[in-house]
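The values are calculated or read from the model by the stated rules, or taken from the named source; none is laboratory data. Just so you know, these numbers come straight off a predicted model, no measurement behind them. When we count neighbours, we look across all protein chains shown, and the Cβ atoms used for this are built from the backbone with ideal geometry, even at glycine.
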Amino acid sequence: MTGLDLKTRAFLLIAGGATILVLFLRAAHAGSVLIFLMSVVAMAALAAVVSEATAQLSQHLGTGVVGIVQPALGNLPELFFSIFALRAGLLTVVQATLVGSVLANSLLVLGIAFMAGGLKHGVQHFGTMRSRMNAILIVLSVAALVIPTLATSPAGPASGHAEGLSVVSAIVLLLVFAASLPSSVSWTLEMEVPSPLREKWPAWLAAVVLIAAGVAAAFVSEWMVAALVPAMAALGLSEAFTGLVIVAIAGNAVEQVAGVQMALRNHADFALSLILNSSLQIALALTPLLVIISHFIGGTHLTLVLAPLLIAALGLSALLDAFVVYDGESTWLEGAALIGLYLIIAASFWWAPRAAF
């Protein structure tokens, strides 16, 4: 495995071993809880491998696309999981997972990065224009969920048209996302991109690892969904908590280690780009894309009409993120505030009855 450092080899071994173990457990008709938990481990490790392979491949494509391509392909595990879950009719799990992925990145991971970087380097600085644009796009993504939810309420003007309004909103979000790409690439080019943390891989190796991890993630996602419902029943977990916390963290938190490492190296601009771009691409690209795809794959159609508590969690997250990044500075205390809000939101869903969502 020339070109792979020790940490990457460890993730590959964990991902491969967990994937094979899940396959073995399914063949042996093991308990759904054990299959689900091992699938979570496999998904987390595969997400980390996909993220690392994408970052390595991006180095061969040019620094201007690193901050765009890495978060985009890094969201492959969430895409596969959401498709299989929608085909199984698990709409609440998918909605909670997508919201949870945004919260995990913009609150938990960003908070850890700010806290770790602030404790080591003090006040850290990043470009205000870029951070303000991120704040605006985050608020837009929340508004795109709030408006369909309110408009399709029993007394709303679009009552009974949740699917149609969701498709229209999804198309608008995708157009906004496409319009934001040139400026995102331009800002990435202007950044002082740090030297790679690890030895640079050959392009063929990065491509092979990325394809293999992506295929494995697709299989693990299907197995995870198959074990999801009986595992939730056995563990007494609601669909909302399972998607918002467990699945979302498995698909996002591990892959964002690079953002935290950038903050520790005092590359705050690059850390912010990696972490928030992932949130924005889930909100502005992955979610609306799934709304459209859901009409062609069979199963439940994904809509942008969410439960009130999910809307409130997204809104508070967007508000706090905007306040924190708008001045172009971050401190460890701001990071602690982001983590604190995430923990409160996660705890609020622990007791959520399934019927409430």
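At a glance:
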quantity	calculated
Hits in region 81-102 - residues which are of a type in the set (S, T, N, Q) and over 19 Å from Ala216 (Cα atoms)	Thr92, Gln95, Thr97, Ser101
Any hit, region 325-340, residues being of a type outside the set (Phe, Trp, Tyr) and under 18 Å from the mean Cα position of the chain (by Cα)	yes
Residue list for region 197-233, filter: among the small types (Gly, Ala, Ser) and buried (at least 19 other Cβ atoms within 10 Å of the Cβ)	Ala206, Ala213, Gly214, Ala216, Ala217, Ser221, Ala227, Ala231
Any hit, region 152-159, residues being touching a helix residue (DSSP H, G or I) at 6+ places or on another chain (Cβ under 7 Å), closer than 10 Å to Leu304 by Cβ and modelled with pLDDT of 85 or more	yes
Residue ID - surrounded by the most Cβ atoms within 10 Å (Cβ to Cβ), chosen from residues in region 1-47 that are in contact (Cβ under 8 Å) with a residue 12 or more places away in the chain and of a type in the set (Phe, Trp, Tyr)	Phe36
Filter result (farther than 22 Å from Leu306 by Cβ, at pLDDT below 90 and of a type in the set (A, V, I, L, M)) within region 72-113	Ala72, Leu73, Leu76
Restricting region 220-243 to residues that are in contact with a helix residue (DSSP H, G or I) (Cβ under 9 Å, 6 or more places away or on another chain) and in a loop (DSSP other than H, G, I, E, B), the residue that is nearest to Val94 (Cα to Cα)	Ser238
Of all residues in region 285-324 being β-branched (Val, Ile, Thr) and more than 15 Å from Leu145 (Cβ to Cβ), the one that is surrounded by the most Cβ atoms within 10 Å (Cβ to Cβ)	Val324
Residues satisfying the stated conditions in region 327-356, i.e. of a type in the set (Phe, Trp, Tyr) and either modelled with pLDDT of 85 or more or under 18 Å from Leu103 (Cα atoms) (or both)	Trp332, Tyr342, Phe349, Trp350
Which numbered condition Asn252 fails, given (1) within 20 Å of the chain's Cα centre (by Cα); (2) surrounded by fewer than 22 Cβ atoms within 10 Å (Cβ to Cβ)	(2)
Members of region 114-132 found to be surrounded by fewer than 21 Cβ atoms within 10 Å (Cβ to Cβ) and modelled with pLDDT of 90 or more, listed by number	Ala116, Leu119, Lys120, His121, Gly122, Val123
From Val69, Val65, residue being within 17 Å of Val257 (Cα to Cα) and at pLDDT below 90	Val69
Qualifying residue in region 126-147 (condition: more than 19 Å from the chain's Cα centre (by Cα), part of a helix (DSSP H, G or I) and closer than 17 Å to Ile311 by Cα)	yes
Cβ-Cβ under 6 Å pairs, at least 6 apart or on other chains, region 106-117 side closer than 9 Å to Ser330 by Cβ, far side of a type in the set (Asp, Glu) and part of a helix (DSSP H, G or I)	Phe114/Glu334
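Residues checked against (1) modelled with pLDDT of 90 or more; (2) within 23 Å of the chain's Cα centre (by Cα):
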site: Glu163; (1), (2): yes, no
site: Val167; (1), (2): yes, yes
site: Ala170; (1), (2): yes, yes
site: Gly214; (1), (2): no, yes
site: Ala218; (1), (2): no, yes
site: Met232; (1), (2): yes, yes
